[in-house]
1. Using the C-alpha gyration tensor of the range 241-394, what are the square roots of 5 times its eigenvalues, in whole angstrom, with the largest one first?
2. Extent of the range 55-161 along each principal axis, from alpha carbon coordinates, in Å, largest to smallest?
3. What do the square roots of 5 times the Cα gyration tensor eigenvalues come to for the range 220-313, in whole Å, largest first, as semi-axes of the equivalent ellipsoid?
4. Grab the other residues whose beta carbon is less than 11 angstrom from that of Val450, score K and R as +1, D and E as -1, and report the net.
5. So, counting K/R as plus one and D/E as minus one, what does the shell of residues with Cβ under 11 Å around Asp485 add up to?
6. Which whole-Hz couplings ³J(HN,Hα) result when phi for each residue of the range 73-87 is put into the Karplus expression 6.51 cos²θ - 1.76 cosθ + 1.60, θ = phi - 60°, listed in order with x for Gly and Pro?
7. Enumerate the amide H contacts of Leu19 below 5 Å, restricted to partners 5 or more residues apart or on another chain; note that Pro and chain-start residues carry no placed amide H.
8. How large is the convex hull of the Cα atoms of the range 323-455 per residue, expressed in Å³ as a whole number?
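The values are calculated or read from the model by the stated rules, or taken from the named source; none is laboratory data. For clarity, every value in this text was computed on a predicted model and none was experimentally measured. Here the Cβ is made from the backbone with ideal geometry for all residues, glycine too, and neighbour counts use every protein chain on show. Protein only, heavy atoms only, side chains kept; ligands, DNA and RNA dropped before computing areas. Shrake-Rupley method; radii C 1.70, N 1.55, O 1.52, S 1.80 Å.
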Amino acid sequence: PLHFCVICNSVEKKIYVNLNNTVPCVRLLNATHQIGCQSSLSGNVGVVHVLESEENLEWVLSSGPHPPYVVILDSPLFTRSVMMKLKNGSRRVAGIAVVAPNANPPEGFSPHTTCPNENTGVYSEDYDPIFAHCNITVWNPLGNGLSYEEFDFPIFSLKDDNETQVIRQCYLDHNRAANGTAPQYPLCAIELFSHMSAVTDTATCMRRNDINFSISPEIVCDPLGDYNVWASTRPLNNTAKGHKMWESVVIAAARLDSRSFFFDIAPGAESGVSGFITLLAAAHALRNATQQAPPNRTILYTLFQGETFDYIGSSRMVYDMQNNQFAVDLNNVHSFLEIGQVGLRSDSKLWLHSDQLSRKNTSVNDELIENLQSAAGRVGISVGEVGFSQPLPPSSFQRFLRAKPIPGVVIEDHQSAFTNRFYASMYDNAEYLNVSYPSNLTLEEQLEWVTDTAQALTEVATIVAQALYKQAGGQDVEARGITADPKMVARMLYSFLIRSNNSWFQQLHSSEPTLLVQYLLANLTGSTVNMYYYMWVQGAAPPNSTEREGFCTRSTVRLSKALSPAFELRDYTSKEYSTWTESRWKPFKGRIFLVASHDLEMLTLGIGIGVLLTSLLLTYIISSKADMLFSSGREPTNATY
């Protein structure tokens, strides 16, 4: 049997070439519909066609004689115009493979909508309808909405490497039409498998999750969610939930998550990483000052998950605060400072965004703006205040304003529309933030190298740290001495955007992203007061040793649920909270092979059936005549010994 199995594998390898570096688009669902991509239950098979221009689409959609096709797209052709034409001609399209370039395209590309999270922010028909749905400011003008379309065929991303070259060569050898004549069989084909279990919408898939006809019921979808990471400069009693008498907190927030068209390729360098690295660096800069000269108020560092999908993390924290399920409630919140996209400062300028709700308490809001402007002046960065005629950009702060008019500011690198030309795309990466290193550096030297981007974010972190300290009631003398560490920012940029498997991250004892941030925040904000939360850190290995010197970190860092309240309330058609779910799936795979003509396949099948029937007939005849055919060598039945 082992020998037979080896032969089978050998035959399979001769027929198929597996594609290993593929990433699919997956299916997501919400209260009203589904988006994303999927294959049929057995996978989609199509003849390879490398699209050379948009005009070449006619071959795929009408004139090509061998449909269905799997279309190979280079990134310049991965546009809404091309994709919608292929979607509308889906009977002749079995799938799409997009070749991801090794360098970012010169033009902008964003598969998100032009107005992110437009239905779940503070602006609606009930509050400032003039600002709702981006009527005044279109935040993401390059958004083409592809991530929110539904495609009934699989779409994969391919790395531009040897496998892609194999596909191109296979196409050139077998499929490319010469002098207007149709190519002859055998043809190069691709099979793409990415079948999704969930269909229709969130209410449907959650209802199917609850059907228990077997011992192990099948789960077809999961609510999108994770955990928020938070810490405080002074310990908060997390056992006694709800309002804390005499407690006043200044929330410093950033988002952790990002997304793109393809599953699990979402670097989010500008949209997410620039903000949360700045907040982590500010928290690190504040550690000594808040311990040696504690301000009157508590600073609450909060890193939200799921903000891309209708503010999952922030809406859950607000819900918990309203229902006495968090360490403090909304009445304990003094003010709010959020760090948004701050990695692409044009002319070294930052912009402060606020809303008329946050300006209701004019003195506190003006104080926060003044603290930021004073700190920026000391660092040498220009700060502009956005006028009253513009709404808040998409931000977690909007979910808090929906519940209570809290004074607050959102720091961004843009005055109106996003500076980010690759918002929510796979191109929002280290290259886009200009995080690069001299070629002669070792990996460990790159970890410590302070890039221009690291220096720029260090300046923003210093501004944030000084302003937070003053906003929490600290003295100006101490605030002036607070500075962020550029080496720390450089390490975080390298670790989150270039190479996470490095000596520094290996000390933190976790590779899961949220837990990694939790351990990192704990190490950056270590405390020396009571009511700690303890975490084991495996530490670094001394020179000439493989044994790590681990230690226990005590801090106020904790996790809280970042799961939409809609799933706690079982309100799967909610208009108040996020209802996004993700379909479950079988393992993804793709492979290329040569396919014969239909006539040849039918002939082969017919011959095979003929051989089978002939062998069955011969077996029957031989079996029925066995006594006659094999009697000569038999002994008599009455033979004795």
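1. 24, 22, 17
2. Ordered largest first, the range 55-161 gives principal extents of 56, 32, 22 Å.
3. Equivalent ellipsoid of the range 220-313: 30, 18, 9 Å, largest first.
4. That works out to -1.
5. Overall, the nearby charge balance is +3.
6. With coefficients 6.51, -1.76 and 1.60, one gets 10, 7, 4, x, 9, 7, 10, 5, 4, 5, 5, 6, 5, 5, 5 Hz.
7. The answer is Gly590, Arg591, Ile592.
8. Enclosed volume per residue, from the Cα hull, is 170 Å³.
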